[in-house]
């Protein structure tokens, strides 16, 4: 049971990290990402970063960088809060089934 909960936590955290990293990647490597991936229609692999880039595409370069930087911070905090809230039922389930607090070492 401990391994299953750990595996679920790792999967959820990796998904959230990939989304956050995609925003960060578009913040620093926007010129490469748009030129290479937009032409090949593989942008669905890059998640939230590409969606935010399209949202701020009409702004000038400095505003776009500022908005992506703010989005990186805000979404990073939201993902941390979401992860903690989403993992509460798993920890509670582990406590009910095993009778001991859930701690990873």
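The values are calculated or read from the model by the stated rules, or taken from the named source; none is laboratory data. In this text the structure is predicted, and so the values were computed from the model without any measurement. Note that we place each Cβ from the backbone using ideal geometry, even for glycine, and neighbour counts take in every protein chain shown.
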Quick one: how many residues across region 68-91 are exposed (fewer than 15 other Cβ atoms within 10 Å of the Cβ) and more than 21 Å from residue 8 (Cβ to Cβ)?
5
State all residues of region 49-67 that are free of Cβ contacts under 8 Å to residues at least 24 places away in the same chain, in contact with a helix residue (DSSP H, G or I) (Cβ under 8 Å, 6 or more places away or on another chain) and either surrounded by fewer than 12 Cβ atoms within 10 Å (Cβ to Cβ) or within 11 Å of residue 27 (Cβ to Cβ) (or both); if no residue qualifies, say none.
56, 57, 67
Taking residue 97 as the residue in question, decide whether it is more than 19 Å from residue 14 (Cα to Cα), crowded, with 16+ Cβ neighbours inside 10 Å and either modelled with pLDDT under 90 or touching a helix residue (DSSP H, G or I) at 6+ places or on another chain (Cβ under 8 Å) (or both).
no
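Residue-wise test of (1) under 30 Å from residue 100 (Cβ atoms); (2) modelled with pLDDT under 85; (3) in contact with a helix residue (DSSP H, G or I) (Cβ under 8 Å, 6 or more places away or on another chain); (4) not in a loop (DSSP other than H, G, I, E, B).
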site: 8; (1), (2), (3), (4): yes, no, yes, yes
site: 26; (1), (2), (3), (4): no, yes, yes, yes
site: 34; (1), (2), (3), (4): no, yes, yes, yes
site: 73; (1), (2), (3), (4): no, no, no, yes
